[in-house]
Amino acid sequence: MLGSSPSILILGSLPSNKSLEHQQYYANPRNAFWPIMANLFSFDLTLPYEKRCDLLKQHNIAVWDVLRAGQREGSLDQNIDNKTMIINDFESFLKTHSSIKKLIFNGTKAETVFNEVLPSLNISMQRLPSTSPAHATLSFEKKLDAWREALSL
């Protein structure tokens, strides 16, 4: 999901089975991503997926994954088979989209894999608590606060 001049790129690791099934980022209804975005940008969570994407684009936010492909059993990041991981081409992507000034990693796996390939870029990078339902150690409110601060809202 990419608008014309994004300034922030939110990176997940690899889409969940539900996301792949629905062809939508963060399609699992238990994932906190869309509830957090709806709260931060004051939109109705029941809006169609395309409209929610358009609203993020209007706020210059793009969403992508660190991995272009990979195999895993289930949807947990810890189950991704490292031998099957294919990383997206970030060098070309970031050159083409020079408006991006900040990378936000949605969880540890996305940041870890990214840093193994491109450990030093001249761009702001920040890992946030995963919005995945598997990351239940933080409350929704604490996740929301972290995301609000990172997006400077």
Restricting attention to segment 68-83, does a residue exist that is within 15 Å of the chain's Cα centre (by Cα), assigned to a loop (DSSP other than H, G, I, E, B) and at pLDDT 75 or above?
-> no
In segment 95-133, the residues that are under 14 Å from Asn31 (Cβ atoms) and surrounded by fewer than 17 Cβ atoms within 10 Å (Cβ to Cβ) | Pro133
So, of the residues in segment 116-136 that are of a type in the set (S, T, N, Q) and at pLDDT below 80, which turns out to be farthest from Leu9 (Cα to Cα)?
-> Ser120
Would a scan of segment 103-116 turn up a residue that is under 15 Å from the mean Cα position of the chain (by Cα) and over 23 Å from Asn17 (Cα atoms)?
-> yes
Hey, does segment 138-152 have a residue that's surrounded by 14 or more Cβ atoms within 10 Å (Cβ to Cβ) and modelled with pLDDT under 85?
-> yes
Just to be sure, is Asn28 within 15 Å of the chain's Cα centre (by Cα), modelled with pLDDT under 95 and either surrounded by 17 or more Cβ atoms within 10 Å (Cβ to Cβ) or within 19 Å of Leu144 (Cβ to Cβ) (or both)?
-> yes
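Quick one: count up the residues across segment 129-152 that are of a type in the set (Ser, Thr, Tyr) and under 11 Å from Leu40 (Cα atoms).
Let us first name the residues in segment 129-152 that are of a type in the set (Ser, Thr, Tyr), namely 130-132, 137, 139, 152.
If we keep only those that are under 11 Å from Leu40 (Cα atoms) too, we end up with 152.
Number of matching residues: 1.
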If you go through segment 98-109, how many residues are closer than 20 Å to Pro15 by Cβ and in a loop (DSSP other than H, G, I, E, B)?
-> 1
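The values are calculated or read from the model by the stated rules, or taken from the named source; none is laboratory data. What you see is a predicted model, and the numbers here were worked out from it, not measured in a lab. Note: ideal-geometry Cβ built from the backbone for every residue, glycine included; neighbour counts use all protein chains shown.
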